[in-house]
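Read through the structure below, which is laid out as C-alpha coordinates, and then see the notes.
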Amino acid sequence: MMERMDYVRAILGDAYAAAAQHEEAEVFMPSNIALVKYWGKRPGVLNLPLVSSLSLTLKGYGTKTRLSLSHEDSMLLNGKTLSQGDPAYKKAMDFLDMFRARGECYRIETENNIPTAAGVASSASGFAALTSAIIKLKGWDVPLKAQSMLARLGSGSAARSFWDGMVLWHKGTRDDGMDCYAEPVTHSVHDLCLSVLVLDASEKSVSSRDAMQASLATSPMAPEWPQRQAAHLDAALKAADFATLGQIVEDNAVLMHAVIQSAVPAMSFDTAETKKWKDNVQRWRTEGMPVYFTQDAGAQIKLLYPSAHRADIEEKINAAGVEYFTVAA
Ligand code: PMV
(Lines give C-alpha, C1' and ligand atoms only; values in the text may rest on other atoms or scores of the structure.)
Protein backbone atom coordinates (compact mmCIF):
# COMPACT_ATOMS: atom_id res chain seq x y z
CA MET A 1 0.00 0.00 0.00
CA MET A 2 1.24 3.48 -0.92
CA GLU A 3 2.73 5.72 1.77
CA ARG A 4 1.83 9.40 2.06
CA MET A 5 5.33 10.58 1.08
CA ASP A 6 5.34 8.46 -2.09
CA TYR A 7 1.94 9.87 -2.98
CA VAL A 8 3.07 13.48 -2.48
CA ARG A 9 6.22 12.80 -4.50
CA ALA A 10 4.16 11.25 -7.31
CA ILE A 11 2.03 14.43 -7.49
CA LEU A 12 4.77 17.07 -7.10
CA GLY A 13 7.55 15.36 -9.06
CA ASP A 14 10.92 17.15 -8.90
CA ALA A 15 9.60 19.99 -6.72
CA TYR A 16 9.03 17.57 -3.86
CA ALA A 17 10.65 18.81 -0.59
CA ALA A 18 12.41 21.74 -2.31
CA ALA A 19 13.13 24.78 -0.11
CA ALA A 20 10.63 27.66 0.02
CA GLN A 21 11.25 30.46 -2.48
CA HIS A 22 9.37 33.07 -0.45
CA GLU A 23 9.45 34.26 3.18
CA GLU A 24 5.67 34.31 3.53
CA ALA A 25 2.46 33.61 1.67
CA GLU A 26 -1.13 34.60 2.40
CA VAL A 27 -4.23 32.98 0.92
CA PHE A 28 -7.99 32.76 1.44
CA MET A 29 -9.91 29.59 0.62
CA PRO A 30 -13.66 29.03 0.93
CA SER A 31 -15.39 26.19 2.66
CA ASN A 32 -17.99 23.96 1.02
CA ILE A 33 -21.11 22.07 2.02
CA ALA A 34 -21.81 18.61 0.63
CA LEU A 35 -25.15 18.17 -1.14
CA VAL A 36 -24.42 14.44 -1.35
CA LYS A 37 -22.15 13.48 1.52
CA TYR A 38 -18.69 12.03 1.92
CA TRP A 39 -18.98 9.60 4.83
CA GLY A 40 -16.54 6.71 5.21
CA LYS A 41 -12.93 6.01 4.28
CA ARG A 42 -11.19 3.19 2.45
CA PRO A 43 -8.29 1.52 4.31
CA GLY A 44 -4.85 3.11 4.17
CA VAL A 45 -3.20 6.44 4.91
CA LEU A 46 -4.24 8.39 1.79
CA ASN A 47 -7.66 9.49 3.13
CA LEU A 48 -9.43 7.76 0.22
CA PRO A 49 -13.22 8.00 0.50
CA LEU A 50 -15.66 5.13 0.34
CA VAL A 51 -18.02 7.23 -1.80
CA SER A 52 -17.87 10.09 -4.29
CA SER A 53 -19.53 13.34 -3.18
CA LEU A 54 -21.03 16.57 -4.52
CA SER A 55 -20.70 19.99 -2.88
CA LEU A 56 -21.55 23.65 -3.13
CA THR A 57 -18.77 26.12 -2.38
CA LEU A 58 -19.39 28.75 0.31
CA LYS A 59 -17.92 31.60 -1.71
CA GLY A 60 -16.43 34.25 0.61
CA TYR A 61 -16.78 32.09 3.75
CA GLY A 62 -13.74 30.16 4.84
CA THR A 63 -10.19 30.51 6.07
CA LYS A 64 -7.46 33.11 5.65
CA THR A 65 -4.01 31.64 6.24
CA ARG A 66 -0.65 33.35 6.36
CA LEU A 67 2.27 30.96 6.32
CA SER A 68 5.80 32.21 6.99
CA LEU A 69 9.25 30.77 7.47
CA SER A 70 10.33 30.96 11.10
CA HIS A 71 13.02 29.77 13.52
CA GLU A 72 10.54 27.33 15.09
CA ASP A 73 7.09 25.90 14.38
CA SER A 74 4.12 27.81 15.81
CA MET A 75 0.43 28.19 15.09
CA LEU A 76 -2.10 30.91 15.79
CA LEU A 77 -5.77 29.96 15.27
CA ASN A 78 -8.29 32.81 15.40
CA GLY A 79 -5.78 34.93 17.35
CA LYS A 80 -4.96 32.22 19.91
CA THR A 81 -1.54 30.53 20.11
CA LEU A 82 -1.98 26.76 20.07
CA SER A 83 0.16 24.50 22.23
CA GLN A 84 2.13 21.71 20.57
CA GLY A 85 -0.27 19.22 22.14
CA ASP A 86 -3.36 20.81 20.58
CA PRO A 87 -4.97 18.42 18.04
CA ALA A 88 -5.37 21.26 15.49
CA TYR A 89 -1.64 22.11 15.83
CA LYS A 90 -0.66 18.47 15.39
CA LYS A 91 -2.88 17.99 12.34
CA ALA A 92 -1.55 21.13 10.65
CA MET A 93 2.13 20.39 11.34
CA ASP A 94 1.71 16.75 10.39
CA PHE A 95 0.33 18.00 7.08
CA LEU A 96 3.21 20.46 6.52
CA ASP A 97 5.75 17.71 7.35
CA MET A 98 4.96 16.22 3.94
CA PHE A 99 6.39 19.33 2.25
CA ARG A 100 9.10 20.39 4.71
CA ALA A 101 12.62 20.87 3.33
CA ARG A 102 15.42 20.02 5.76
CA GLY A 103 15.56 22.57 8.62
CA GLU A 104 12.46 24.48 7.47
CA CYS A 105 10.13 25.75 10.26
CA TYR A 106 6.76 27.41 9.82
CA ARG A 107 4.55 29.95 11.52
CA ILE A 108 0.88 29.40 10.66
CA GLU A 109 -1.55 32.26 11.31
CA THR A 110 -5.03 31.22 10.42
CA GLU A 111 -8.45 32.80 10.85
CA ASN A 112 -11.91 31.51 10.01
CA ASN A 113 -14.81 33.81 9.23
CA ILE A 114 -17.14 30.88 10.03
CA PRO A 115 -17.38 29.02 13.39
CA THR A 116 -14.48 26.61 13.89
CA ALA A 117 -15.15 22.89 14.42
CA ALA A 118 -18.90 23.25 14.81
CA GLY A 119 -19.92 21.42 11.67
CA VAL A 120 -19.68 24.48 9.44
CA ALA A 121 -16.92 22.79 7.48
CA SER A 122 -13.96 24.83 8.70
CA SER A 123 -11.65 21.84 8.19
CA ALA A 124 -12.45 21.97 4.46
CA SER A 125 -11.38 25.61 4.09
CA GLY A 126 -8.59 25.18 6.67
CA PHE A 127 -6.77 22.43 4.78
CA ALA A 128 -7.53 23.92 1.37
CA ALA A 129 -5.94 27.16 2.63
CA LEU A 130 -2.93 25.38 4.17
CA THR A 131 -2.36 23.50 0.90
CA SER A 132 -2.64 26.63 -1.17
CA ALA A 133 -0.37 28.55 1.27
CA ILE A 134 2.47 26.00 1.29
CA ILE A 135 2.36 25.78 -2.51
CA LYS A 136 2.60 29.59 -2.73
CA LEU A 137 5.40 29.75 -0.11
CA LYS A 138 7.37 27.15 -2.03
CA GLY A 139 6.79 29.00 -5.31
CA TRP A 140 5.42 25.88 -7.01
CA ASP A 141 3.10 25.82 -9.98
CA VAL A 142 0.59 23.08 -9.12
CA PRO A 143 -2.68 22.59 -11.06
CA LEU A 144 -5.87 22.89 -8.97
CA LYS A 145 -6.74 19.23 -9.51
CA ALA A 146 -3.40 18.22 -7.96
CA GLN A 147 -3.89 20.77 -5.13
CA SER A 148 -7.23 19.13 -4.37
CA MET A 149 -5.49 15.73 -4.22
CA LEU A 150 -2.96 17.09 -1.71
CA ALA A 151 -5.54 18.91 0.43
CA ARG A 152 -7.46 15.64 0.81
CA LEU A 153 -4.62 14.29 2.96
CA GLY A 154 -5.48 16.93 5.60
CA SER A 155 -9.27 16.69 5.41
CA GLY A 156 -11.33 14.84 2.83
CA SER A 157 -13.84 17.63 2.26
CA ALA A 158 -10.95 20.09 1.58
CA ALA A 159 -10.51 18.41 -1.82
CA ARG A 160 -13.75 20.12 -2.94
CA SER A 161 -12.85 23.72 -1.97
CA PHE A 162 -10.76 24.71 -5.00
CA TRP A 163 -13.58 25.86 -7.31
CA ASP A 164 -16.75 27.94 -7.06
CA GLY A 165 -20.21 26.48 -7.54
CA MET A 166 -20.84 22.73 -7.58
CA VAL A 167 -17.89 20.40 -7.22
CA LEU A 168 -17.75 16.63 -7.69
CA TRP A 169 -15.12 14.66 -5.77
CA HIS A 170 -14.46 11.32 -7.48
CA LYS A 171 -13.64 8.54 -5.07
CA GLY A 172 -11.66 6.63 -7.68
CA THR A 173 -10.88 2.95 -7.35
CA ARG A 174 -7.06 2.83 -7.29
CA ASP A 175 -5.14 2.11 -4.09
CA ASP A 176 -2.51 4.71 -5.08
CA GLY A 177 -5.15 7.49 -4.97
CA MET A 178 -4.25 8.85 -8.40
CA ASP A 179 -7.85 8.73 -9.65
CA CYS A 180 -9.28 10.36 -6.50
CA TYR A 181 -9.71 14.07 -7.23
CA ALA A 182 -12.34 16.81 -7.38
CA GLU A 183 -13.48 18.93 -10.33
CA PRO A 184 -16.14 21.57 -10.95
CA VAL A 185 -19.42 20.45 -12.54
CA THR A 186 -22.07 22.36 -14.42
CA HIS A 187 -25.57 21.47 -13.30
CA SER A 188 -28.90 22.10 -14.96
CA VAL A 189 -30.38 23.49 -11.72
CA HIS A 190 -29.18 27.09 -11.29
CA ASP A 191 -29.78 30.05 -9.00
CA LEU A 192 -29.55 28.23 -5.71
CA CYS A 193 -29.16 29.73 -2.27
CA LEU A 194 -27.75 28.00 0.77
CA SER A 195 -28.31 29.56 4.20
CA VAL A 196 -26.07 28.21 6.93
CA LEU A 197 -27.75 28.52 10.34
CA VAL A 198 -25.35 28.68 13.26
CA LEU A 199 -27.48 26.90 15.85
CA ASP A 200 -24.60 25.92 18.13
CA ALA A 201 -21.17 27.55 17.75
CA SER A 202 -19.47 25.51 20.48
CA GLU A 203 -16.82 22.94 19.55
CA LYS A 204 -18.41 19.59 18.81
CA SER A 205 -17.72 16.70 21.15
CA VAL A 206 -16.97 14.09 18.45
CA SER A 207 -14.87 14.85 15.35
CA SER A 208 -16.26 13.88 11.95
CA ARG A 209 -13.25 11.59 11.56
CA ASP A 210 -14.09 9.61 14.73
CA ALA A 211 -17.83 9.57 14.06
CA MET A 212 -17.22 8.35 10.52
CA GLN A 213 -14.98 5.54 11.67
CA ALA A 214 -17.20 4.44 14.54
CA SER A 215 -20.52 4.63 12.67
CA LEU A 216 -19.30 2.71 9.62
CA ALA A 217 -17.67 0.08 11.82
CA THR A 218 -20.75 -0.54 13.97
CA SER A 219 -24.03 0.65 12.39
CA PRO A 220 -26.21 -2.17 11.02
CA MET A 221 -27.00 0.26 8.16
CA ALA A 222 -23.33 0.68 7.19
CA PRO A 223 -23.27 -2.10 4.53
CA GLU A 224 -26.08 -0.37 2.62
CA TRP A 225 -24.72 3.17 2.80
CA PRO A 226 -22.28 3.11 -0.19
CA GLN A 227 -24.86 1.79 -2.69
CA ARG A 228 -27.65 4.09 -1.53
CA GLN A 229 -25.30 7.07 -1.45
CA ALA A 230 -24.12 6.29 -5.01
CA ALA A 231 -27.75 6.20 -6.16
CA HIS A 232 -28.33 9.61 -4.49
CA LEU A 233 -25.27 11.04 -6.24
CA ASP A 234 -26.31 9.72 -9.62
CA ALA A 235 -29.83 11.10 -9.21
CA ALA A 236 -28.55 14.46 -7.90
CA LEU A 237 -26.30 14.92 -10.94
CA LYS A 238 -29.19 14.11 -13.28
CA ALA A 239 -31.85 16.15 -11.43
CA ALA A 240 -33.47 18.55 -13.88
CA ASP A 241 -35.47 20.64 -11.41
CA PHE A 242 -34.97 22.15 -7.97
CA ALA A 243 -37.52 20.00 -6.08
CA THR A 244 -35.93 16.76 -7.32
CA LEU A 245 -32.45 17.94 -6.37
CA GLY A 246 -33.59 19.32 -3.00
CA GLN A 247 -35.36 16.11 -2.01
CA ILE A 248 -32.26 14.02 -2.82
CA VAL A 249 -30.05 16.40 -0.81
CA GLU A 250 -32.33 16.12 2.23
CA ASP A 251 -32.74 12.33 1.88
CA ASN A 252 -28.97 11.91 1.70
CA ALA A 253 -28.35 13.93 4.88
CA VAL A 254 -31.10 12.04 6.70
CA LEU A 255 -29.59 8.72 5.62
CA MET A 256 -26.08 9.73 6.73
CA HIS A 257 -27.44 10.74 10.14
CA ALA A 258 -29.37 7.47 10.36
CA VAL A 259 -26.04 5.66 9.95
CA ILE A 260 -24.55 7.85 12.69
CA GLN A 261 -27.51 7.47 15.04
CA SER A 262 -27.59 3.69 14.62
CA ALA A 263 -23.90 3.31 15.58
CA VAL A 264 -23.20 1.13 18.59
CA PRO A 265 -23.07 2.92 20.99
CA ALA A 266 -25.49 5.39 19.38
CA MET A 267 -24.34 8.91 18.49
CA SER A 268 -26.20 12.05 17.50
CA PHE A 269 -25.20 15.56 16.44
CA ASP A 270 -28.74 16.91 16.91
CA THR A 271 -29.69 19.46 19.53
CA ALA A 272 -33.28 20.45 20.28
CA GLU A 273 -32.76 23.43 17.92
CA THR A 274 -31.54 21.13 15.12
CA LYS A 275 -34.69 19.03 15.39
CA LYS A 276 -36.90 22.11 15.52
CA TRP A 277 -35.37 23.49 12.29
CA LYS A 278 -35.78 20.18 10.46
CA ASP A 279 -39.47 20.24 11.45
CA ASN A 280 -39.74 23.87 10.32
CA VAL A 281 -38.33 23.04 6.89
CA GLN A 282 -40.65 20.10 6.38
CA ARG A 283 -43.64 22.16 7.54
CA TRP A 284 -42.77 25.10 5.23
CA ARG A 285 -42.67 22.67 2.34
CA THR A 286 -46.20 21.48 3.06
CA GLU A 287 -47.14 25.18 2.98
CA GLY A 288 -45.69 25.43 -0.54
CA MET A 289 -42.20 26.84 0.12
CA PRO A 290 -39.49 25.00 -1.91
CA VAL A 291 -36.85 24.54 0.83
CA TYR A 292 -34.83 21.48 1.87
CA PHE A 293 -32.24 20.97 4.61
CA THR A 294 -28.87 19.33 4.90
CA GLN A 295 -26.72 18.67 7.98
CA ASP A 296 -23.07 17.69 8.46
CA ALA A 297 -21.26 16.28 11.48
CA GLY A 298 -22.58 19.00 13.77
CA ALA A 299 -25.76 20.64 15.02
CA GLN A 300 -26.03 23.24 12.23
CA ILE A 301 -28.78 23.12 9.65
CA LYS A 302 -28.23 24.39 6.12
CA LEU A 303 -31.23 25.43 4.04
CA LEU A 304 -31.25 24.95 0.27
CA TYR A 305 -33.75 26.90 -1.84
CA PRO A 306 -34.10 28.73 -5.17
CA SER A 307 -32.70 32.27 -4.98
CA ALA A 308 -36.15 33.66 -5.90
CA HIS A 309 -37.24 32.73 -2.35
CA ARG A 310 -34.28 34.30 -0.55
CA ALA A 311 -36.18 37.23 0.96
CA ASP A 312 -38.98 34.96 2.30
CA ILE A 313 -36.59 32.44 3.83
CA GLU A 314 -34.34 35.09 5.36
CA GLU A 315 -37.39 36.75 6.87
CA LYS A 316 -38.25 33.48 8.61
CA ILE A 317 -34.67 33.04 9.88
CA ASN A 318 -34.51 36.65 11.08
CA ALA A 319 -37.82 36.24 12.88
CA ALA A 320 -36.32 33.29 14.79
CA GLY A 321 -33.30 35.41 15.76
CA VAL A 322 -30.77 32.82 14.58
CA GLU A 323 -27.23 33.74 13.40
CA TYR A 324 -26.78 32.76 9.74
CA PHE A 325 -25.18 33.58 6.43
CA THR A 326 -26.37 32.93 2.88
CA VAL A 327 -24.39 32.14 -0.24
CA ALA A 328 -25.82 32.25 -3.74
CA ALA A 329 -24.52 29.77 -6.32
O1 PMV B 1 -13.53 16.42 5.71
P2 PMV B 1 -13.92 15.77 6.98
O3 PMV B 1 -12.99 14.66 7.36
O4 PMV B 1 -14.13 16.79 8.09
O5 PMV B 1 -15.37 15.08 6.75
C6 PMV B 1 -16.49 15.81 6.34
C7 PMV B 1 -17.71 14.98 6.43
C8 PMV B 1 -19.03 15.70 6.22
O9 PMV B 1 -18.88 17.10 6.37
C10 PMV B 1 -20.04 15.23 7.25
C11 PMV B 1 -19.62 15.39 4.85
C12 PMV B 1 -18.99 16.08 3.68
O13 PMV B 1 -19.05 15.51 2.58
O14 PMV B 1 -18.45 17.19 3.82
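The values are calculated or read from the model by the stated rules, or taken from the named source; none is laboratory data. These figures come from a predicted structure and were not determined experimentally. With ideal geometry, Cβ positions are generated from the backbone for all residues, glycine too; neighbour counts draw on all protein chains shown.
Can you name every residue in the range 293-309 that is buried (at least 16 other Cβ atoms within 10 Å of the Cβ) and more than 16 Å from the ligand (Cβ to nearest atom)?
L303, Y305, P306, H309
Within the range 29-86, can you find the residues that are of a type in the set (V, I, T), touching a residue at least 60 places away in the same chain (Cβ under 8 Å) and either loosely packed, with under 15 Cβ neighbours inside 10 Å or more than 18 Å from M149 (Cβ to Cβ) (or both)?
I33, V36, T63, T65
Given the options K59, K136, name the one that is part of a strand (DSSP E or B) and charged (D, E, K, R).
Values: K136 fails: part of a strand (DSSP E or B).
So the residue among K59, K136 that is part of a strand (DSSP E or B) and charged (D, E, K, R) is K59.
Look at S125 and say whether it is within 16 Å of the ligand (Cβ to nearest atom), part of a helix (DSSP H, G or I), touching a residue at least 12 places away in the same chain (Cβ under 8 Å) and of a type in the set (S, T, N, Q).
For S125, the condition - within 16 Å of the ligand (Cβ to nearest atom), part of a helix (DSSP H, G or I), touching a residue at least 12 places away in the same chain (Cβ under 8 Å) and of a type in the set (S, T, N, Q) - is met.
Which is over 18 Å from T294 (Cβ atoms), away from the ligand (no atom under 16 Å from the Cβ), outside the structural domain of F269 (by TED's automatic domain parsing) and touching a residue at least 60 places away in the same chain (Cβ under 8 Å), of L137, L150?
L137
Can you find a residue in the range 103-119 that is farther than 20 Å from A34 by Cβ, in a helix (DSSP H, G or I) and among the aromatic types (F, W, Y)?
No, the conditions are met nowhere in the range 103-119.
If you take the residues in the range 80-110 that are within 30 Å of A329 (Cβ to Cβ) and not basic (K, R), which one is modelled with the lowest pLDDT?
Filtering the range 80-110 for residues that are within 30 Å of A329 (Cβ to Cβ) and not basic (K, R), the one modelled with the lowest pLDDT comes out as A88.
When the residues of the range 133-150 are narrowed to those that are of a type in the set (G, A, S) and farther than 15 Å from Y16 by Cα, which ends up surrounded by the most Cβ atoms within 10 Å (Cβ to Cβ)?
Among residues in the range 133-150 that are of a type in the set (G, A, S) and farther than 15 Å from Y16 by Cα, the one surrounded by the most Cβ atoms within 10 Å (Cβ to Cβ) is A133.
Residues of the range 153-171 being more than 12 Å from the ligand (Cβ to nearest atom) and small (G, A, S), which ones?
Scanning the range 153-171 gives a single hit, G165.
Look through the range 9-30, keep the residues that are closer than 15 Å to R152 by Cβ and either in contact with a helix residue (DSSP H, G or I) (Cβ under 7 Å, 6 or more places away or on another chain) or aromatic (F, W, Y) (or both), and return whichever of them is modelled with the highest pLDDT.
Initial filter on the range 9-30 (closer than 15 Å to R152 by Cβ): 10-12, 29.
From what's left, either in contact with a helix residue (DSSP H, G or I) (Cβ under 7 Å, 6 or more places away or on another chain) or aromatic (F, W, Y) (or both): 11, 29.
On the way: I11: 95, M29: 98.
Checking each candidate, the answer is M29.
Restricting attention to the range 172-192, which residues are surrounded by fewer than 22 Cβ atoms within 10 Å (Cβ to Cβ) and within 14 Å of the ligand (Cβ to nearest atom)?
Matches in the range 172-192: none.
Sort out which residues of the range 169-205 are out of contact with any Lys or Arg (no Cβ under 9 Å at 6 or more places or on another chain), of a type in the set (S, T, N, Q) and touching a residue at least 12 places away in the same chain (Cβ under 8 Å), and write them in order of number.
T186, S202 - these are the residues of the range 169-205 that are out of contact with any Lys or Arg (no Cβ under 9 Å at 6 or more places or on another chain), of a type in the set (S, T, N, Q) and touching a residue at least 12 places away in the same chain (Cβ under 8 Å).
Only one residue in A25, A20, A10 is in a loop (DSSP other than H, G, I, E, B), in the same structural domain as R102 (by TED's automatic domain parsing) and more than 16 Å from the ligand (Cβ to nearest atom), so which one is that? Show your work before the answer.
Details: A25 fails: in a loop (DSSP other than H, G, I, E, B); A10 fails: in a loop (DSSP other than H, G, I, E, B).
Going through A25, A20, A10 in turn, the sole match is A20.
Taking D210 as meeting all but one of (1) buried (at least 22 other Cβ atoms within 10 Å of the Cβ); (2) within 17 Å of the chain's Cα centre (by Cα); (3) within 12 Å of the ligand (Cβ to nearest atom), write down the number of the exception.
Result: D210 fails condition (1) only.
Of these, L153, L46, L130, which one is hydrophobic (A, V, I, L, M, F, W, C) and either modelled with pLDDT under 95 or not in a loop (DSSP other than H, G, I, E, B) (or both)?
L130
How many of the residues in the range 92-108 are in contact with a Lys or Arg (Cβ under 9 Å, 6 or more places away or on another chain) and either under 10 Å from A19 (Cβ atoms) or not assigned by TED's automatic domain parsing to the domain that holds L46 (or both)?
Result for the range 92-108: 1.
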